Amino acid sequence: MATEVLLGQGSVRILPKKYAAQFYKNLGVFGELHGPVQVKPGLVVFGPAASFSDLALDQVRTLLPVKKYLFPPKEEQYRFSTREGFVEPEVEEKRTVLFGVHPCDINAVALLDRVTSWKYPDPKYRARRQRLIIVGVDCIPDEYCFCLPMGSHTADEGFDLFLTDIGEEYFVQVGSSLGERMLRESWDLVKQVEQEHIEAFHQRAEERQKAFRHDLDAHRLAQAILVGFSSPVWDEVGKKCLSCGSCAATCPTCCCYDVLDEVNLDLKSGVRIRRWDDCMQPEFALVAGGHNFRAERSTRFKMRFMHKINSFKAEFQRLGCVGCGRCIAGCPADINVIEVFQKITGKKVTSVAG
Amino acid sequence: MSKPKVGIFGLTGCAGCQLAIINCEDELLDIVGAVDLKSFVMAQSNNEETEFDVAFVEGSVVTREDEHYLKEIRSKSGILVAIGSCACFGGIQAAANDREREDLLQIVYGTKENFYEARKVAALHEVVKVELQIPGCPIEKSEIISGIASLLRGDTPLIPTYPVCLECKYKENLCLLKERGDMCLGPVTRAGCDARCPSHGVACRGCRGPVEEANTASEYSILLEKGYAEEDIKRALRTFAYATELKEKL
Amino acid sequence: MLAEDFAVNSDPLKPHLARLVHIDKSVKDRYVFHFRFEDPELNESFSYRPGQFVMLSVLGAGEAPISLCSPASRRGTIELCVNRVGRVTNALYRLRENDLVGIRGPYGNGFPVEEMEGHDVLLVAGGIGAAPIRGLLWYLLDNRNKYGNITFLCGSRSTKDMLFREEFESLLNRPDIRCLLAVEAVPEEDEGKWPGDVGMVTDLFKYVKEIDAERTYAAVCGPPVFYKFVLRHLVDLNIDKDRILMSLERRMKCGVGKCAHCMIGDKYTCIHGPIFTYWDAMKLPEMI
């Protein structure tokens with residue numbers, strides 16, 4: 001039988017939940033299956049998940065975001081020797097299907113894609129990105145979520161497939177030609193979209209939207225940071241902040257890094273390491289010679305948001321905060337970014353402490 | 001180029017850092033091959049009383065004898081490296097630094113005998129000039145090796161200055177401080193241990209000493225809020241580094 | 001999968017091996033290192049703008065941004081004037097001629113030399129700041145007919161500390177440039193030999209009263225404290241803040257707009273700088 005040609009209607013499909021496990025298994029053809037896995041109470045991480053039942057799909061957020069697949073916390077950048085110069089390490093060719101990625105995280109990846117291809121593309125990131133297949137799943141927000149006001153509660157790009165929960169079925173959107181091939185692999189499990197599904201899709205969207213509780217005005221943030229540059233809010237936060245780096249490590253868009261050479265005992269060869277860095281560390285803006293451009297914790301905190309809000313907006317026309325809530329959920333000092341954003345824009349604070 | 005003359009010494013401490021060097025089994029021959037090991041009392045006989053290009057010193061200054069010995073090592077050495085948290089921050093010995101030596105000696109040894117000429121416990125840099133510090137309880141094998149390699153090249157070894165939390169997050173551990181309410185000192189403690197304890201579900205006790213800009217005040221109030229007693233928090237923060245950085249902040 | 005895909009031909013982060021061919025040790029702890037790429041083709045094609053920088057790797061010690069001080073208008077050898085202050089630069093000072101390093105670049109915006117065409121240029125350098133300014137200076141002189149009056153002010157602590165001293169002294173008598181040099185101190189052995197002024201670089205402004213502010217660009221580089229004084233003079237001369245150019249230094253780990261160590265406000269020093277205008281400095285926090 002000849003394959004049905006789908007022109008102009010190939011981007012949406014319905015997957016009954018009873019077939020979800022089989023659908024998931026079929027995705028294994030395209031790469032190693034990964035998704036959110038519950039490690040212990042209160043701890044969900046992205047990791048290998050062989051079967052659908054291993055997935056913790058009701059989870060709100062994983063500890064580390066998708067970036068760990070694209071830009072590991074610590075990696076060998078080059079091997080070097082005085083004889084051969086700098087040589088790239090071997091790269092793994094393995095593909096990964098990451099299932100259950102929420103819209104905020106998909107938007108974060110779309111942003112990382114821009115950052116890493118801006119001006120000088122980062123080949124290591126791009127190679128990994130090409131081997132990462134993303135299957136998004138929608139979610140219901142908790143008290144730390146603020147993706148809606150940040151404009152990243154829906155994903156328009158950056159996924160191969162996206163599944164929206166509409167009750168007994170998933171509404172499947174296709175985001176790439178590879179995604180279309182993935183859907184083909186389970187063609188017998190999916191069906192055509194009817195009007196009732198579209199209605200259910202919108203109803204789900206309404207329901208999700210109502211679950212957000214925080215009043216924020218993301219459009220005013222960049223301006224508010226400039227205007228409020230000497231606002232006491234920064235000092236307030238600076239006093240509480242431990243500079244522990246939890247926020248940067250778990251942030252889906254934080255991608256600052258440090259580079260260091262580790263030399264072997266032969267003193268002629270070694271490895272150049274790239275590791276995640278954290279702009280809250282006192283040395284971050286310290287130059288050789290000893291001058292520190294941001295010695296105060298409060299100025300570092302402010303800079304963190306100037307980068308995320310002002311700089312990302314200027315360079316990439318989107319904000320570097322997707323409202324995933326990880327920095328709030330993980331802050332040992334209970335610093336709440338929603339509260340900081342509300343205060344800096346002169347709004348009433350609605351958030352509960354972290 | 002002649003090999004640098006190296007000495008490895010111990011003051012008051014558990015000798016665990018010297019043992020950590022001996023435990024570099026796979027790399028030990030490379031290390032011994034790269035340097036001229038003149039003195040390492042714990043590991044070899046035929047130690048020489050000579051000048052050293054680099055001296056590694058473990059332990060803290062607890063007795064008058066430690067003080068004299070350290071000054072002697074200093075006078076003979078080009079570079080003096082403090083190894084381990086005792087040498088860098090005073091270590092556990094310094095936890096009782098706010099009490100009189102006389103009282104402590106009596107508590108431990110009674111009133112009849114006095115074996116030691118004790119002094120207020122000090123980190124090495126409080127007594128002599130120290131070029132480098134490699135913290136840890138004990139020091140990490142990877143930092144010994146990369147530290148020696150850096151020193152042989154003439155570079156300053158790279159020791160992490162960021163806190164344990166970063167490494168803990170990289171390993172995707174549950175936050176023991178936030179989620180379990182443990183008295184975890186990760187936010188104010190230097191990394192480099194790959195968050196070993198929290199990765200095994202044990203709260204960080206600060207064995208690598210405080211980060212340079214440790215926000216002890218905030219850590220303190222977080223723990224108070226979680227219901228810990230003032231005395232317990234102070235005791236925890238003083239465990240490894242009371243001789244130096246933390247003293248003023250408590 | 002990425003929607004837009006493009007070929008990844010080269011890795012911008014990978015350094016190329018370069019050989020240290022000469023070290024000019026005229027000034028203590030501010031040697032000028034001369035390099036040539038091992039790859040002859042790269043050595044021939046490597047071109048840059050004045051004011052740009054490279055990332056210099058001393059294998060095993062790490063990588064650091066260093067501004068190019070050789071004239072961009074002449075190819076073949078890269079010259080880097082390196083202040084001996086950090087891990088990488090200290091390691092560099094231990095190298096000998098013929099040793100290998102890694103170099104990648106050039107990076108940064110560089111001075112807007114096209115925009116500056118047809119204008120007078122006032123260059124002000126203090127201490128180590130003479131390095132990037134020297135690159136611009138020779139570019140202007142090599143393209144002399146494109147620019148109006150060129151005035152060069154350069155100061156350093158003592159005659160011993162003046163970078164490119166012989167070269168700059170030779171400019172004193174050149175008719176197509178007004179060169180004014182000042183040192184704060186003249187040591188005994190140089191007494192009677194110093195042709196310049198004795199004083200601060202800012203003292204030299206007394207000679208530059210007559211400038212056409214409307215058609216002048218100023219390019220300044222020096223240590224942080226230097227800017228505070230020099231900028232005041234430039235503003236007094238009525239030079240538009242948009243035409244006062246300054247070269248800034250920051251910690252960098254990539255040089256290509258990724259690691260974010262060099263950010264000032266919403267700008268990356270490695271991409272939007274290292275040449276900023278005084279107007280940028282007024283808008284952005286913690287610039288100097």
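Residues are listed down the side, and each one gets a yes or a no for (1) over 19 Å from C:Gly129 (Cβ atoms); (2) among the aliphatic types (A, V, I, L, M):
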site	(1), (2)
C:Leu248	no, yes
C:Cys254	yes, no
C:Lys258	yes, no
C:Cys270	no, no
C:Gly273	no, no
C:Trp279	yes, no
C:Met287	no, yes
Seminar exercise, completed: With the first residue restricted to the stretch C:156-169 and required to be in the same structural domain as C:Gly199 (by TED's automatic domain parsing), and the second required to be in a loop (DSSP other than H, G, I, E, B) and of a type in the set (A, V, I, L, M, F, W, C), Cβ contacts under 6 Å at 6 or more apart or on different chains are C:Ser156/C:Met162; C:Thr159/C:Val186; C:Thr159/C:Trp194; C:Asp161/C:Val27; C:Leu163/C:Val27
Seminar exercise, completed: Filtering the stretch B:1-51 for residues that are over 20 Å from B:Val127 (Cβ atoms), part of a strand (DSSP E or B) and open to solvent by 20 Å² or more (accessible area, probe 1.4 Å) leaves a count of 4
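Which fully enclosed helices (runs of 4 or more DSSP H) of the stretch A:132-243 have 1 or more residues being surrounded by fewer than 18 Cβ atoms within 10 Å (Cβ to Cβ)?
Numbers: elements: A:147-150, A:177-184, A:195-210, A:221-227, A:232-240.
Ranges flagged: A:177-184, A:195-210, A:221-227, A:232-240.
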Problem set entry | One residue from C:Gly62, C:Gly105 being on the phi > 0 side of the Ramachandran plot and open to solvent by 10 Å² or more (accessible area, probe 1.4 Å) | C:Gly105
For this session: Would you list the helices (runs of 4 or more DSSP H) that sit entirely within the stretch B:52-121 and hold 3 or more residues that are open to solvent by 40 Å² or more (accessible area, probe 1.4 Å)?
Result: B:64-76, B:101-109
For this session: Answer yes or no as to whether A:Lys124 is more than 22 Å from A:Val29 (Cα to Cα), part of a helix (DSSP H, G or I), modelled with pLDDT under 95 and outside the structural domain of A:Gly320 (by TED's automatic domain parsing).
Result: yes
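Which residue, of A:Val322, A:Val337, A:Val349, is open to solvent by 50 Å² or more (accessible area, probe 1.4 Å), aliphatic (A, V, I, L, M) and out of contact with any His (no Cβ under 8 Å at 6 or more places or on another chain)? I'd like the intermediate steps shown before the answer.
Details: A:Val322 fails: open to solvent by 50 Å² or more (accessible area, probe 1.4 Å); A:Val337 fails: open to solvent by 50 Å² or more (accessible area, probe 1.4 Å).
Unique residue meeting the criteria: A:Val349.
Could we say that B:Leu177 is touching a residue at least 40 places away in the same chain (Cβ under 8 Å), more than 19 Å from the chain's Cα centre (by Cα) and under 30 Å from A:Cys251 (Cα atoms) here? Explain how you work it out, then say what you get.
Working: touching a residue at least 40 places away in the same chain (Cβ under 8 Å): yes; more than 19 Å from the chain's Cα centre (by Cα): yes; under 30 Å from A:Cys251 (Cα atoms): yes.
Yes: the conditions hold for B:Leu177.
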Exercise. Is one or more of the residues making up the stretch B:172-194 part of a helix (DSSP H, G or I), more than 20 Å from B:Gly90 (Cβ to Cβ) and in contact with a Lys or Arg (Cβ under 8 Å, 6 or more places away or on another chain)?
Worked result: no
Exercise. Considering only helices (runs of 4 or more DSSP H) fully contained in the stretch A:288-342, which possess at least 2 residues that are closer than 19 Å to C:Met263 by Cβ and more than 10 Å from chain C (Cβ to nearest Cβ)?
Worked result: A:297-305
Exercise. Does at least one position in the stretch B:206-214 carry a residue that is in contact (Cβ under 8 Å) with a residue 12 or more places away in the chain and closer than 23 Å to C:Val88 by Cα?
Worked result: yes
For this session: Among the residues of the stretch C:65-77, count how many are open to solvent by 10 Å² or more (accessible area, probe 1.4 Å) and touching a strand residue (DSSP E or B) at 6+ places or on another chain (Cβ under 6 Å).
Result: 4
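Please find, within the stretch B:135-158, the residue that is farthest from the other protein chains (Cβ to nearest Cβ) out of those that are of a type in the set (Val, Ile, Thr) and more than 21 Å from B:Ile92 (Cα to Cα). Steps first, please.
Pass one, the stretch B:135-158, residues of a type in the set (Val, Ile, Thr): B:139, B:144-145, B:148, B:156.
Filter again for more than 21 Å from B:Ile92 (Cα to Cα), leaving B:144-145, B:148, B:156.
Numbers: B:Ile144: 11, B:Ile145: 7, B:Ile148: 7, B:Thr156: 6 Å.
Checked the stretch B:135-158; the qualifying residue farthest from the other protein chains (Cβ to nearest Cβ) is B:Ile144.
Name the residue, out of A:Val44, A:Val37, A:Val60, A:Val97, that is within 15 Å of the chain's Cα centre (by Cα) and not in a loop (DSSP other than H, G, I, E, B). So that I can check it myself, show each step before the final result.
Numbers: A:Val37 fails: within 15 Å of the chain's Cα centre (by Cα); A:Val60 fails: not in a loop (DSSP other than H, G, I, E, B); A:Val97 fails: within 15 Å of the chain's Cα centre (by Cα).
Answer to the selection: A:Val44.
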For this session: Among what's in the stretch C:34-55 and is touching a helix residue (DSSP H, G or I) at 6+ places or on another chain (Cβ under 7 Å) and surrounded by 21 or more Cβ atoms within 10 Å (Cβ to Cβ), pick the residue that is nearest to C:Gly273 (Cα to Cα).
Result: C:Gly51
Seminar exercise, completed: Every listed condition ((1) more than 8 Å from chain A (Cβ to nearest Cβ); (2) outside any loop (DSSP other than H, G, I, E, B); (3) under 21 Å from B:Ile79 (Cα atoms)) holds for B:Glu167 save (3)
Exercise. Just checking, how many residues over the stretch A:72-114 are closer than 30 Å to A:Asp138 by Cβ and either of a type outside the set (S, T, N, Q) or at pLDDT below 95 (or both)?
Worked result: 21
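Working only within the stretch A:244-267, note down all residues that are assigned to a loop (DSSP other than H, G, I, E, B), more than 10 Å from chain B (Cβ to nearest Cβ) and surrounded by fewer than 22 Cβ atoms within 10 Å (Cβ to Cβ). Full working, then the answer.
Residues of the stretch A:244-267 that are assigned to a loop (DSSP other than H, G, I, E, B), as a first pass: A:244-245, A:251-256, A:264-267.
When the remaining residues are screened for being more than 10 Å from chain B (Cβ to nearest Cβ), the result is A:251-256.
A:Cys256 - this is the single residue of the stretch A:244-267 that is assigned to a loop (DSSP other than H, G, I, E, B), more than 10 Å from chain B (Cβ to nearest Cβ) and surrounded by fewer than 22 Cβ atoms within 10 Å (Cβ to Cβ).
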For this session: Give just the number: which of (1) within 26 Å of the chain's Cα centre (by Cα); (2) modelled with pLDDT of 90 or more; (3) away from every other protein chain (no Cβ under 12 Å) does A:Ser351 not satisfy?
Result: (2)
For this session: Go through the stretch B:122-159 and give me each residue that's surrounded by 19 or more Cβ atoms within 10 Å (Cβ to Cβ) and among the small types (Gly, Ala, Ser).
Result: B:Ala122, B:Ala123, B:Gly136, B:Ser146, B:Gly147, B:Ala149, B:Ser150
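So that you can scan it fast, the table gives a plain yes or no per residue for (1) in contact with a Phe, Trp or Tyr (Cβ under 6 Å, 6 or more places away or on another chain); (2) touching a residue at least 60 places away in the same chain (Cβ under 8 Å); (3) in the same structural domain as A:Arg304 (by TED's automatic domain parsing):
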| position | (1), (2), (3) |
| --- | --- |
| A:Val135 | yes, yes, no |
| A:Gly158 | no, no, no |
| A:Glu185 | no, yes, no |
| A:Ala222 | no, yes, yes |
Seminar exercise, completed: Of those in the stretch A:269-282 that are facing chain C (nearest Cβ under 8 Å) and open to solvent by 10 Å² or more (accessible area, probe 1.4 Å), the residue nearest to C:Leu100 (Cα to Cα) is A:Asp277
Exercise. Given the residues A:Phe316, A:Phe301, which is the only one that is crowded, with 24+ Cβ neighbours inside 10 Å and aromatic (Phe, Trp, Tyr)?
Worked result: A:Phe301
For this session: Inspect the stretch C:173-188 for any residue being over 19 Å from C:Gly129 (Cβ atoms), touching a Ser or Thr at 6+ places or on another chain (Cβ under 6 Å) and aliphatic (A, V, I, L, M) and give the result as yes or no.
Result: yes
Seminar exercise, completed: Counting only residues in the stretch A:84-127 that are facing chain C (nearest Cβ under 9 Å) and among the basic types (Lys, Arg), the one farthest from A:Thr250 (Cα to Cα) is identified as A:Lys119
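The values are calculated or read from the model by the stated rules, or taken from the named source; none is laboratory data. The structure displayed is predicted, hence computed values, not measured ones. Glycine also receives a Cβ, built like all others from the backbone with ideal geometry; neighbour counts cover every protein chain displayed. All accessible areas refer to the heavy atoms of the entire protein, side chains included, with ligands and DNA or RNA removed. Shrake-Rupley method; radii C 1.70, N 1.55, O 1.52, S 1.80 Å.
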